[in-house]
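Shown next, in structure tokens, is the structure this report addresses.
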Amino acid sequence: MQYGQFCPIAKATEILGERWTILIIRELLMGARRFNELQRGLGDISPSLLTARLKSLEEQAMITRRRIPGQKGYEYHPTPACEALMPVLFNLGEWGICWAKHTILDQDFDAEFLLFYLERSIDPSKLPGQVAVLKFRFADLVEQQDWWLVVRGDRTEVCLKDPGMDVDVFFNCTVRTMADVWMGDRTYREAMRAGDMDMQGDPALTRNVTQWLRPSIFAESPREAQTA
């Protein structure tokens with residue numbers, strides 16, 4: 001994609017303007033390093049297209065590819081040029097909150113994508129013991145209503161089946177309610193007072209949920225679109 005202009009915006013867009021590229025960079029800057037990790041955060045992208053986009057970013061010196069020691073496959077690491085996009089992506093996200101939020105559709109609230117981000121948001125150091133289990137029941141789903149996050153040591157994983165362990169905290173709500181609370185559009189207290197969320201479990205955890213389940217980086221961002 002060449003615009004034939006010396007404008008720096010045009011030149012930046014030649015690197016970043018292809019479909020999925022910005023979201024791939026988002027995942028890299030959020031810590032994804034392996035192909036399957038990138039796919040989890042991107043959802044509908046095909047493996048062949050993801051491969052092509054990664055190759056293009058490598059050619060543009062936006063990422064470096066390193067073979068995984070003792071294994072097949074590679075890890076993808078952002079270069080300083082890619083890391084320099086973090087404030088750009090944050091500002092883009094804040095713009096989206098103010099000016100593009102009205103375009104969000106009901107089908108955009110995907111439980112798998114939400115749990116992937118909640119998995120990333122857990123701070124194991126703020127949870128007691130070596131194992132903690134969180135259960136989410138989404139009333140608006142017909143299939144796969146129940147989801148679990150299992151925290152073992154410093155690792156967190158999503159489970160689609162009952163792990164067979166005691167649950168420390170239960171969340172009962174819709175996918176949208178959980179997404180709104182995590183994003184900072186509502187507080188846990190507001191959602192519970194409205195009857196949209198029921199959170200039960202160890203009081204030491206439910207009272208301080210934002211300490212161990214960190215909110216989105218946009219939780220404190222302005223919500224109102226600016227008007228002239």
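Every read-out reported here was derived from the displayed coordinates using simple, explicitly stated rules and does not represent laboratory data. All values derive from a computational prediction rather than experimental measurement. Using ideal geometry, Cβ is built from the backbone for each residue, glycine included, and neighbour counts are taken over all protein chains shown.
Some observations on this one:
- Stretch gain in nm, segment Q107-A194, where the contour uses 0.36 nm per residue and the Cα spacing is subtracted: 29.0 nm
- The label point for T13 and the one for L29, both projected 7 Å from the Cα toward the Cβ, are 1.9 nm apart.
- For trypsin sites (Lys or Arg not before Pro), the sites in region 130-228 that DSSP calls loop and that have at most 14 other Cβ atoms within 10 Å are K161, R207, R223.
- Along its principal axes, region 106-211 has C-alpha extents of 36, 28, 21 angstrom, given from the largest down.
- Spacing of the modelled spin labels on T51 and W20, each 7 Å from Cα toward Cβ, amounts to 1.1 nm.
- Rounded FRET efficiency, nearest 0.05, which uses the C-beta distance separating C98 from R66 and R0 of 41 Å: 0.60
- Modelled FRET efficiency - R0 25 Å, E224 with V88, Cβ distances, 0.05 increments: 0.65
- If you bin all the Cα-Cα distances of region 149-194 at 5 Å, starting from zero, the percentages per bin are 5, 16, 23, 20, 18, 16, 3.
- 15 Å cut-off, amide nitrogen to a point 7 angstrom out along N208 Cα→Cβ, residues in region 88-126: 123-126
- A prolate overall shape is assigned to region 8-103, the ratio a/c of its alpha-carbon gyration tensor axes (a ≥ b ≥ c) being 1.5 or greater and a/b exceeding b/c.
- Between region 119-152 and region 191-216, the Cα center-to-center distance that results, in Å: 12 Å
- Estimated D of the chain in µm² per second, where Rh is the Kirkwood radius over Cα pairs and Stokes-Einstein applies at 20 °C, 1.002 mPa s: 109 µm²/s
- Sequence-distant lysines (8 or more away, or on other chains) whose Cα lies within less than 30 Å of K101: K11, K135
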